[in-house]
Amino acid sequence: MQETNEKKLEKILNANGGYITRKQVDSHGIPSWFLTDFVRKQRLVKIDKGFYAQEQWTRDDYLVFQYKYPKFIFSHVSALFLHGLTDQLPDYFEVTGPKNYRPFSPKPSVTIHTDSHDESYRLGVCKIKTSLGHLVECYNMERTLCDIIKNSRKIDAEIFGKALRLYAKSKGKSIRNLLHYAQVLKIENKAAELMTVVMNED
């Protein structure tokens, strides 16, 4: 017996842990009016355009932000937080997007970096779970360290130093990847010097 569209939507909602998006519905080839009817029947709350959730769903701002702006990758201090390389919860999002990707006017809650080269824009992208358990795109630890080394003058000194030390103690680190990324981003010497100092600390 063929599964109904309503059953398919229920499966998506349950698999997501209480939310459903228009993009997911489209990817399953389900007409949009089914979603409209489903939202009404299930009494879902509109979180944002094309994003609906059950009333008890705990809003994940990282997930919702990236849904709205899919070309933005969490980077710099936001990436440090997602990787556990800082215990300071940022009061803003820091992201990297491709050149000329400006889907909204500048606002204090978001710091945007742009990268005009496809090679470096997608360099070191990974999927990582937010504190609420949802997967978002973020630069991996090595790429993130390269970014903060490259922009060290704009990073809080305490956050910068602690991130390097925590990375040095991480079991999942890859100095080889870090130096490769540093070479691509043209900061190889600076990265090598800093990591040599940090790795040799007691």
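Each residue in region 145-166 was checked for being under 13 Å from Lys186 (Cα atoms) and open to solvent by 80 Å² or more (accessible area, probe 1.4 Å), and 1 of them qualify.
Enumerate the helices (runs of 4 or more DSSP H) found wholly within region 1-51, keeping only those where 1 or more residues are farther than 24 Å from Leu135 by Cβ. Quick ask: steps written out before the conclusion?
Values: elements: 5-16, 22-27, 32-42.
Output list reads 5-16, 32-42.
The set of residues from region 105-155 being touching a Lys or Arg at 6+ places or on another chain (Cβ under 7 Å), modelled with pLDDT of 95 or more and in a loop (DSSP other than H, G, I, E, B) comprises Leu123, Gly124. Restricting attention to region 70-110, the residues that are within 11 Å of the chain's Cα centre (by Cα) and aromatic (Phe, Trp, Tyr) total 4. Looking only at residues in region 20-71 that are aromatic (Phe, Trp, Tyr) and open to solvent by 40 Å² or more (accessible area, probe 1.4 Å), the one that is nearest to Ser120 (Cα to Cα) is Tyr52. For region 31-48, name all the residues that are within 25 Å of Thr4 (Cα to Cα) and touching a Lys or Arg at 6+ places or on another chain (Cβ under 8 Å). Correct list: Ser32, Leu35, Val39.
When only residues in region 167-187 that are charged (D, E, K, R) and open to solvent by 80 Å² or more (accessible area, probe 1.4 Å) count, which is nearest to Val77 (Cα to Cα)? Explain how you work it out, then say what you get.
Taking region 167-187 and keeping what is charged (D, E, K, R), we get 169, 171, 173, 176, 186.
Pick out the ones that are also open to solvent by 80 Å² or more (accessible area, probe 1.4 Å) and you get 169, 171, 176, 186.
On the way: Lys169: 19, Lys171: 21, Arg176: 22, Lys186: 20 Å.
So the residue we want is Lys169.
The values are calculated or read from the model by the stated rules, or taken from the named source; none is laboratory data. Keep in mind that what you see is a predicted model, and the values were worked out from it rather than measured. Cβ sites come from the backbone with ideal geometry, for glycine too, and all protein chains shown count toward neighbours. Accessible surface areas use protein heavy atoms only, side chains included; no ligands, DNA or RNA. Shrake-Rupley method; radii C 1.70, N 1.55, O 1.52, S 1.80 Å.
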